[in-house]
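The values are calculated or read from the model by the stated rules, or taken from the named source; none is laboratory data. If you're wondering where the values come from, they're calculated on a predicted model, not measured in any experiment. Cβ placement follows ideal geometry from the backbone for every residue including glycine, while neighbour counts extend to all protein chains displayed. The accessibility values were calculated without ligands, DNA or RNA, using every heavy atom of the protein model including side chains. Shrake-Rupley method; radii C 1.70, N 1.55, O 1.52, S 1.80 Å.
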Amino acid sequence: MERRKFFKAVGLITAAAYVSPIILGNVQEQRKSSDIEGVLPSQFPPLPFAYDALEPYIDARTMEIHYDKHHRAYYTNFMAAIKGTPLEGKPLSEIFKSMSKQTDAIRNNGGGYYNHLFFWKNLGKGSSGPSNELSEAITKSFGSNEKFKETFTNAAKTRFGSGWAWLYLGSDKNLAIASSPNQDNTLMDLSPVKGTPLLALDVWEHAYYLKYQNKRPDYIEAFWNVVNWDEVNKRYTQALKG
Ligand code: MN3
């Protein structure tokens, strides 16, 4: 949400004209910490773009079903699964840290809710590519941008059955690539690889089957046209600080 809309949304539009940059900074900080890893919204969050925004790489019908049926179901089922438990009201980041102790319903639906929210944000047209900072890190970790793409593509291609491919920042502050089964992610304590996710790709068949059928590699190739690098760059900068 852009700043102006945000102030409007919280009823601070008048006050906004008078706040100092320092206070504004604090508000921005609060927004960041209540971002997708933070407090769960009481309503299913909107898709940040139109269904047809990623055409022809990801078709409108797939986006509609993926968001409005699959993602919505993860959200609804997750909220139902934590209702009345000590997890209700806790930030997702905290729930993920104790995922090994939770039920399958919480693991699958909590992961499904978060992963899709993350995925939508890292999709979009028109971004220019990795920042200088991220490019340097990519070269350091993978040798070149081409090698990075190849490694990520392979992780996505070779994930057997349903799952996700991830670029993430490990605790050693190095970039790494992995895939996860089902709706697991690198924030969960039960994940064999852990770190802060920076870029995700959904390789469940529901993400591509209508347009690409069994041709997962074609879908993965198309994905590179709709990576929102602005978001990935932002996440990288934040993760380095975190
Ligand atoms: Mn999906």
Conditions (1) of a type outside the set (S, T, Y); (2) within 17 Å of the chain's Cα centre (by Cα); (3) within 16 Å of the ligand (Cβ to nearest atom) -> I95 fails only (3)
Scan region 222-242 and report the pairs whose first residue is within 18 Å of E136 (Cβ to Cβ) and whose second residue is at pLDDT below 95 and outside any helix (DSSP H, G or I), with Cβ atoms within less than 6 Å and a gap of 6+ or a chain change. W229/S127; D230/S127
Would you confirm whether any residue within region 53-71 is touching a Gly at 6+ places or on another chain (Cβ under 9 Å) and modelled with pLDDT under 50? no
Mind listing whichever residues of region 180-215 are surrounded by 19 or more Cβ atoms within 10 Å (Cβ to Cβ), within 13 Å of the ligand (Cβ to nearest atom) and outside any loop (DSSP other than H, G, I, E, B)? S180, A200, L201, D202, A207
Scanning region 58-76 for residues that are part of a helix (DSSP H, G or I), closer than 25 Å to A165 by Cβ and away from the ligand (no atom under 14 Å from the Cβ) gives A60, R61
Go over the candidates A176, A156, A105 one by one and state the one that is modelled with pLDDT of 95 or more and within 21 Å of P217 (Cβ to Cβ). A156
Listed by first then second residue, the pairs whose first member lies in region 108-137 and is surrounded by fewer than 20 Cβ atoms within 10 Å (Cβ to Cβ), whose partner is among the charged types (D, E, K, R), with beta carbons under 7 Å and at least 6 positions apart or on separate chains, are F119/D202; K121/E231; S127/D230
Go through D104, D59, D52 for me and flag whichever is acidic (D, E) and open to solvent by less than 60 Å² (accessible area, probe 1.4 Å). D59
State which residue is farthest from the ligand (Cβ to nearest atom) when the search covers only region 107-130 and only residues that are of a type in the set (G, A, S) and closer than 30 Å to L40 by Cα. G126
